1. Ranked from the most accessible area to the least, with a 1.4 Å probe and all protein chains present, what is the order of THR121, THR77, THR97, THR82?
2. For ASP135, ASP63, give the ranking by accessible area with the largest first, probe 1.4 Å.
3. Counting only heavy atoms of protein chains, what accessible area per residue, in Å², does the chain have with a probe of 1.4 Å?
4. With a 1.4 Å probe and all protein chains left in place, how much of the accessible area of the range 1-78 comes from carbon and sulfur atoms, in whole percent?
5. Report ³J(HN,Hα) in whole Hz for each residue of the range 98-115, in order, from the Karplus equation J = 6.51 cos²θ - 1.76 cosθ + 1.60 where θ = phi - 60°; Gly and Pro get x.
6. Please tell me the relative contact order of the chain in percent, rounded to the nearest whole number, where contacts are Cα pairs under 8 Å and at least six residues apart.
7. Using a 1.4 Å probe on the protein heavy atoms, what percent of the accessible area of the range 95-137 belongs to carbon and sulfur?
8. Could you give each residue of the range 120-137 its phi-based ³J(HN,Hα) in whole Hz, using Karplus coefficients 6.51, -1.76, 1.60 with θ = phi - 60°, and x for Gly or Pro?
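The values are calculated or read from the model by the stated rules, or taken from the named source; none is laboratory data. Not measured: the values here are computed from a predicted model. Counting neighbours? That spans all protein chains shown, and the Cβs are built from the backbone with ideal geometry, glycine included. Surface accessibility is based on the protein's heavy atoms, side chains included, excluding ligands, DNA and RNA. Shrake-Rupley method; radii C 1.70, N 1.55, O 1.52, S 1.80 Å.
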Amino acid sequence: QGASTISQQYVKNLFLDFDQTWERKVDEAFLTLELEMHYSKDEILELYINSIYYGSGYYNLADAATGYFGKQIVELTAWECTLLAGLPNAPSVYAPTKNPGLALQRQQQVLDAMVEYGYLTCKEADEILQQCPEDFL
């Protein structure tokens, strides 16, 4: 039990049960190595984000984009993308249809992390937050 990589989470979610046994952990390790030998990190990330739960019955990014915003993935704004990025952490809690205020708090955490790790400047993060639709809450 404990931390795992995106590759491990993808393998566990797709191929294994959730029993906490040594046998499952060994299987997970071998399947993860096999996955990483055949796919790049970017490909694994794409597979992962298109197979995880986003809340409200949406089990991949395309469904979440359509369900929450009525858009295709390529049509999403930076505000919508950063909101969706925070959902997998606790989809039942952060689903914008159930808890829009908590979804916004989680989005702020996503943006703060993006600033901290150099993906955005503070100004860019603030500009994204300003894109929040007036009717969201």
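1. On the way: THR121 70, THR77 50, THR97 95, THR82 10 Å².
In descending accessible area the options line up as THR97, THR121, THR77, THR82.
2. On the way: ASP135 130, ASP63 70 Å².
So the residues, ranked largest to smallest area, are ASP135, ASP63.
3. Numbers: 8930 Å² over 137 residues.
Computed with neighbouring chains in place, this is 65 Å² per residue.
4. Values: 2950 of 5340 Å².
Answer for the range 1-78 is 55 percent, counting heavy atoms of protein chains only.
5. 9, 9, x, x, 5, 4, 5, 5, 5, 4, 4, 4, 4, 5, 4, 5, 5, 5
6. On the way: 123 pairs, mean separation 20.8, N = 137.
Normalised by residue count, the contact order of the chain is 15 percent.
7. Values: 1530 of 3060 Å².
C and S fraction of accessible area: 50 percent.
8. 9, 8, 4, 4, 5, 4, 5, 5, 5, 4, 5, 7, 4, x, 4, 8, 5, 8
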